[in-house]
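Note sheet for the following structure.
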Amino acid sequence: MPVRLAQPSEDSVGPFNRLSASQVNAYRSCPRLWFYEKVRRLKMPQIPVLFIGRAVEEVVCRMLMESPALLVAKASHDTLSANPLDDNGVPSRTSTDPWPAERLLALPSNMCPSTIDELREWAIERIKVHLPVALESMKLEWLKNERKAGEWDTVDPDYCLEMCINGLEFHLKEVQRCIDMNGGPNLKSWRRGNRDEWPAPDARRYTLANNHPLAQEGAITLLEAWELSRPWFVDPNAGKFAMNAVHPEHWFQGEYDLVYRWDGRIKIVDLKASLGRGDRSGNYVDQLQMYAMLWWVTHGKEQEVEFLEIWYLGANKIKTIPCPNVSQMAEMESELQKMWTQLRATTPGLDECPPEPAPVRGFKEGGIAIEPPDEVRCDRCDWSQICPGGDGDDDLPLGGSIQLPGMSTRFDLTPIGELNPRMTLIGEVFTVMGLKEGRRPQVIISQGEKFAKIQFLVDSHQDGTPSWPDSLSKGDRLKLDNVVPTANWKGEIELKVDPHACVIHASSDDVGSDLMEFRARWNVTGKIGLSI
């Protein structure tokens, strides 16, 4: 099964504290890189290409979910978009609402593709229906992102279309192979309406009461091969990260792109909307092998993945990845569990994540390994400005203007030693309450049209004198010496009187600051000396 949901009664880790393949690869690339992104929560610039990959994957999956036996080529993009979901965003097992495909009657045979070429034409038209919608959705998401970078105008819809069609072509090879094998070992079971616990998304419910509505007799048909060979993927209508495979002990999780299993063998495919050049291609290999381990573990260590593939849609090439054996997967599981204990069971400090980058790897188009480039990882790192491996250091600046790579604005820093939280003010009593009642008075002062509350934290100054005069009346002119101005949750100004401050009647010569000159918020840097 490609999905193993967390078991809340057994999950002591939680969804935000698990390891993932991307975290593992980030840490292996450089421990300090992982620290900046996962502990300090710095976020790399969000360029359009990061969103394009998601759009292409969604379009491919929506096309795969649809059936040429139910939808004409020009059908609306949202025909199969109303799958019932549970509270966690997972397609519901208990909903009694009809599923979208169940509302549709099969098309007459003369309106359905009858050859691979006609099937290809139908699928390309479906891609063309879905792609503009997906790109527009990703554009809006990119525009809302506080870390957006680059220009959306650099996105080439024709190139995105080409990548989607490349994905289709790879899948059509599976369809043809399914025809050549007359449906493989599961054709009869599929025709009888038997479905996996997590069936490939087709906008139908998990279990069918009778035979599959599109089942035929005799040799497998083209339309049956399309249905039967459909891989599992995350239902495009499901919530984000709702359909992960979670390790039985809950410390690792992953989300497969495509899982083929129609012929009785497991093949996991990772979709990449890229050419496959550069260092990241090494990460993709490690990711898929971790997924092979995850599949093995979540199937009782009794079922192994037999094929791992990376589909480089930009290069129109498939890269086959060696599958780890049982011994290698057991060792991988042990190593990753130790990494989780090191990184997620407790939060490591800066010193525990040194700037020790791994060498940059070389790959050419299609993810083919070549000689590594003559460069170091720090030269391309988003955090080189603040990292000792680049232009920064671990000694935080004492002042000046800085812009963190993970933020969109600059900050003026003030050394802590230069902060002056106190002011001396002259104001008139606007209201006074409680002065004669044996308790600290409640006083509001005014400066023209501006008002502030006085909050007495103590009864006397550090020199022993009272913190306020014996008599106070509306209109009295007061000197508030060395008070601490703040703003409360309502946004009202409060002037705190502690042992270092006092309120006295002002003389005609006394002067003070304007009430609005105070500043309650400052940007500072520092290190935690003691955490309790």
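The values are calculated or read from the model by the stated rules, or taken from the named source; none is laboratory data. This one's a predicted model, so the numbers in the text were calculated from it and none came from an experiment. Cβ coordinates were reconstructed from backbone atoms using ideal geometry, including for glycine residues, and neighbour counts include every protein chain displayed.
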Exercise for the section: Go through segment 482-495 and give me each residue that's of a type outside the set (Val, Ile, Thr), more than 13 Å from residue 445 (Cβ to Cβ) and either at pLDDT 90 or above or not assigned by TED's automatic domain parsing to the domain that holds residue 467 (or both). Expected result: 482
Exercise for the section: Tell me which residues, restricted to segment 426-474, are among the β-branched types (Val, Ile, Thr) and in a strand (DSSP E or B). Expected result: 426, 429, 431, 432, 443, 444, 445, 454
Completion exercise
A careful count of residues in segment 445-472 that are under 17 Å from residue 482 (Cα atoms) and within 49 Å of the chain's Cα centre (by Cα) gives 7
Fill in the blank from the handout: Screening 24, 13, 39, 60 for residues that are among the hydrophobic types (A, V, I, L, M, F, W, C), farther than 30 Å from residue 348 by Cα and either in contact (Cβ under 8 Å) with a residue 24 or more places away in the chain or buried (at least 20 other Cβ atoms within 10 Å of the Cβ) (or both) leaves only 60
Exercise for the section: Sort out which residues of segment 475-492 are of a type in the set (Val, Ile, Thr) and either part of a loop (DSSP other than H, G, I, E, B) or without any contact (Cβ under 8 Å) to a residue 40 or more places away in the chain (or both), and write them in order of number. Expected result: 486
Problem - One residue from 317, 272, 301 being surrounded by 22 or more Cβ atoms within 10 Å (Cβ to Cβ) and basic (Lys, Arg) - result: 272
Problem - Flag for residue 73 being assigned to a loop (DSSP other than H, G, I, E, B), of a type in the set (A, V, I, L, M, F, W, C), in the same structural domain as residue 169 (by TED's automatic domain parsing) and surrounded by 14 or more Cβ atoms within 10 Å (Cβ to Cβ) - result: yes
Handout entry: Top-ranked residue in segment 112-143 [being free of Cβ contacts under 8 Å to residues at least 12 places away in the same chain and of a type in the set (Asp, Glu); ranked as farthest from residue 165 (Cα to Cα)]
Key = 136
Practice task
For residue 433, indicate whether it is surrounded by fewer than 17 Cβ atoms within 10 Å (Cβ to Cβ) and of a type outside the set (S, T, N, Q).
Solution key: yes
Problem - Residue satisfying condition, being touching a residue at least 12 places away in the same chain (Cβ under 8 Å) and acidic (Asp, Glu), within set 459, 393 - result: 459
Exercise for the section: Could you pull out the residue among 459, 470 that is charged (D, E, K, R) and touching a strand residue (DSSP E or B) at 6+ places or on another chain (Cβ under 8 Å)? Expected result: 459
Exercise for the section: Looking only at segment 461-474, decide whether some residue is under 18 Å from residue 432 (Cβ atoms) and of a type in the set (Phe, Trp, Tyr). Expected result: yes
Practice task
Collect the residues in segment 43-65 that are in contact with an Asp or Glu (Cβ under 8 Å, 6 or more places away or on another chain) and in a loop (DSSP other than H, G, I, E, B), keeping them in residue-number order.
Solution key: 43, 44, 45
Exercise for the section: Select from segment 1-26 the residues that are under 15 Å from residue 287 (Cα atoms), out of contact with any Lys or Arg (no Cβ under 9 Å at 6 or more places or on another chain) and of a type outside the set (A, V, I, L, M) and list them in ascending order. Expected result: 20, 22
Fill in the blank from the handout: If we ask which residues in segment 139-170 are of a type in the set (Gly, Ala, Ser) and either assigned to a helix (DSSP H, G or I) or surrounded by 19 or more Cβ atoms within 10 Å (Cβ to Cβ) (or both), their number turns out to be 1
Practice task
Might you let me know whether segment 114-129 holds any residue that is modelled with pLDDT of 95 or more, buried (at least 16 other Cβ atoms within 10 Å of the Cβ), touching a Cys at 6+ places or on another chain (Cβ under 6 Å) and in a helix (DSSP H, G or I)?
Solution key: yes
Exercise for the section: Within segment 91-113, track down each residue that is among the hydrophobic types (A, V, I, L, M, F, W, C) and surrounded by fewer than 18 Cβ atoms within 10 Å (Cβ to Cβ). Expected result: 104, 105, 106, 107, 111
Practice task
Determine which member of the set 2, 8 is surrounded by 15 or more Cβ atoms within 10 Å (Cβ to Cβ) and more than 16 Å from the chain's Cα centre (by Cα).
Solution key: 2
Handout entry: residue 6 being of a type outside the set (Lys, Arg) and assigned to a loop (DSSP other than H, G, I, E, B)
Key = yes
Handout entry: Matching residues in segment 366-377 - criterion: being in contact (Cβ under 8 Å) with a residue 60 or more places away in the chain and outside any strand (DSSP E or B)
Key = 366, 367, 377
Practice task
Restrict the check to segment 325-337 and report whether at least one residue is under 23 Å from residue 23 (Cα atoms) and either aromatic (Phe, Trp, Tyr) or modelled with pLDDT under 90 (or both).
Solution key: no
Exercise for the section: Would you confirm whether any residue within segment 340-363 is farther than 19 Å from residue 26 by Cβ, outside any helix (DSSP H, G or I) and of a type in the set (A, V, I, L, M, F, W, C)? Expected result: no
Handout entry: Candidates 188, 173 - the one that is more than 24 Å from residue 318 (Cα to Cα) and either out of contact with any helix residue (DSSP H, G or I) (no Cβ under 7 Å at 6 or more places or on another chain) or assigned to a helix (DSSP H, G or I) (or both)
Key = 188
